[in-house]
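**Q** Take a look at this one; I'll ask things after.
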Amino acid sequence: MLEVIALDAADAEAAQAGGAHRLELTVDMAADGLTPPVTVLREVLAVTDLPVRVMLRDAPGFAPGDLDRLRRDAAALRDAGASEFVLGFLDANAWVDEAACAALVGELAGCAWTFHRALDNSADPEAAWAVVGGLGCDTVLAAGSPRGVADGFPVLERLAARQGGVRLLVGGGLKVEHVAPLRAVGVTGFHVGGAVRPDGWGGPLSADAVRIWADLV
């Protein structure tokens, strides 16, 4: 499964044309991705029939800026057609903020969701795996290390062995040469963003680049 980051409707069209299996919709990659406006979600849903996981994150870092506002955003996005989400919070001790996550998940009423790379930045990613699975997510996006997949491979290998009701989705510095060894240890989910933008985040998403990744995975 290949998930591709989309920032707008043009990205969604290019990702689908290239063979992506799912989109992560977010905005403001200078802040590592924030909640998109409802208008952007509607535009994306109008041009693609791919599953779309919508980011719920309102501040840089891994603590919610305003949890009440995030809950309102979640409700508005659901009203606009969102049915899948991405979220994840840590507390001041770099541990999973179960209360904040549960408060936001309470607005999702059974929607599928991904716990994002907050896991990599937790005090103990492997111990956090069981905690986030207990919150009800079906997917965890991770690189195994805040520095990316190349440094996190040993952790990813161990997490892949623990997959069951929760799927490991690998992303964060993911490169073509990482795919084969990751597949060999049981990884089946791959997530790319900058890797399918030849001109960087300021340039368009390349359907041709997505096709290379889709064929690879």
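The values are calculated or read from the model by the stated rules, or taken from the named source; none is laboratory data. Quantities reported herein were computed from a predicted structural model and do not represent experimental measurements. Note: ideal-geometry Cβ built from the backbone for every residue, glycine included; neighbour counts use all protein chains shown.
**Q** Using the structure shown, decide if Thr35 is within 16 Å of the chain's Cα centre (by Cα), buried (at least 18 other Cβ atoms within 10 Å of the Cβ), farther than 26 Å from Val187 by Cα and of a type outside the set (A, V, I, L, M).
**A** Taking the combined requirement at face value, the residue satisfies it.
**Q** Another one. If the requirement is being closer than 29 Å to Val179 by Cβ and at pLDDT below 95, which of these qualifies: Asp11, Asp49, Asp28, Asp32?
**A** Answer to the check: Asp32.
**Q** Another question, if that's okay. Taking the condition farther than 29 Å from Lys175 by Cβ, at pLDDT 95 or above, touching a strand residue (DSSP E or B) at 6+ places or on another chain (Cβ under 7 Å) and of a type in the set (A, V, I, L, M, F, W, C), does Cys137 pass?
**A** no
So that you can scan it fast, the table gives a plain yes or no per residue for (1) loosely packed, with under 14 Cβ neighbours inside 10 Å; (2) at pLDDT below 95; (3) out of contact with any strand residue (DSSP E or B) (no Cβ under 6 Å at 6 or more places or on another chain):
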residue	(1), (2), (3)
Arg72	yes, no, yes
Leu77	no, no, no
Gly81	no, no, yes
Val86	no, no, no
Phe89	no, no, yes
Asp97	no, no, no
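**Q** Now for a separate question. Which condition number in (1) assigned to a helix (DSSP H, G or I); (2) touching a Lys or Arg at 6+ places or on another chain (Cβ under 7 Å) is the one that Arg69 fails?
**A** Exception for Arg69: condition (2).
**Q** Please indicate, with yes or no, whether at least one residue in the stretch 174-193 is touching a residue at least 40 places away in the same chain (Cβ under 8 Å), exposed (fewer than 14 other Cβ atoms within 10 Å of the Cβ) and of a type outside the set (S, T, N, Q).
**A** Yes, the stretch 174-193 contains a residue that is touching a residue at least 40 places away in the same chain (Cβ under 8 Å), exposed (fewer than 14 other Cβ atoms within 10 Å of the Cβ) and of a type outside the set (S, T, N, Q).
**Q** If you go through the stretch 6-19 one residue at a time, do you hit one that is within 12 Å of the chain's Cα centre (by Cα) and closer than 18 Å to Trp113 by Cβ?
**A** Yes.
**Q** Which residues, counting only those in the stretch 50-88, are within 25 Å of Leu169 (Cα to Cα) and without any contact (Cβ under 8 Å) to a residue 12 or more places away in the chain?
**A** Answer for the stretch 50-88, where residues must be within 25 Å of Leu169 (Cα to Cα) and without any contact (Cβ under 8 Å) to a residue 12 or more places away in the chain: just Gly61.
**Q** Follow-up. Could we say that Ala209 is more than 28 Å from Ala123 (Cα to Cα) and either touching a residue at least 40 places away in the same chain (Cβ under 8 Å) or crowded, with 21+ Cβ neighbours inside 10 Å (or both) here?
**A** For Ala209, the condition - more than 28 Å from Ala123 (Cα to Cα) and either touching a residue at least 40 places away in the same chain (Cβ under 8 Å) or crowded, with 21+ Cβ neighbours inside 10 Å (or both) - is met.
**Q** Within the stretch 7-51, track down each residue that is of a type in the set (A, V, I, L, M), part of a loop (DSSP other than H, G, I, E, B) and under 26 Å from Phe89 (Cα atoms).
**A** The answer is Leu7, and nothing else.
**Q** Going by the structure shown, is Gly164 under 26 Å from Leu23 (Cβ atoms) and either surrounded by fewer than 14 Cβ atoms within 10 Å (Cβ to Cβ) or basic (Lys, Arg) (or both)?
**A** Yes.
**Q** So Gly173 clears everything in (1) modelled with pLDDT under 95; (2) over 21 Å from Val4 (Cα atoms) except one condition, right? Which one?
**A** All conditions are met except number (2).
**Q** Could you tell me how many of the residues in the stretch 24-39 are more than 14 Å from His116 (Cβ to Cβ) and not small (Gly, Ala, Ser)?
**A** Final tally of qualifying residues: 6.
**Q** Being of a type outside the set (Phe, Trp, Tyr) and within 19 Å of the chain's Cα centre (by Cα) is the filter here, so list the residues in the stretch 187-205 that pass it.
**A** Keep residues of the stretch 187-205 that are of a type outside the set (Phe, Trp, Tyr), which gives 187-189, 191-200, 202-205.
Passing the criteria: Val187, Thr188, Gly189, His191, Val192, Gly193, Gly194, Ala195, Val196, Arg197, Gly200, Leu205.
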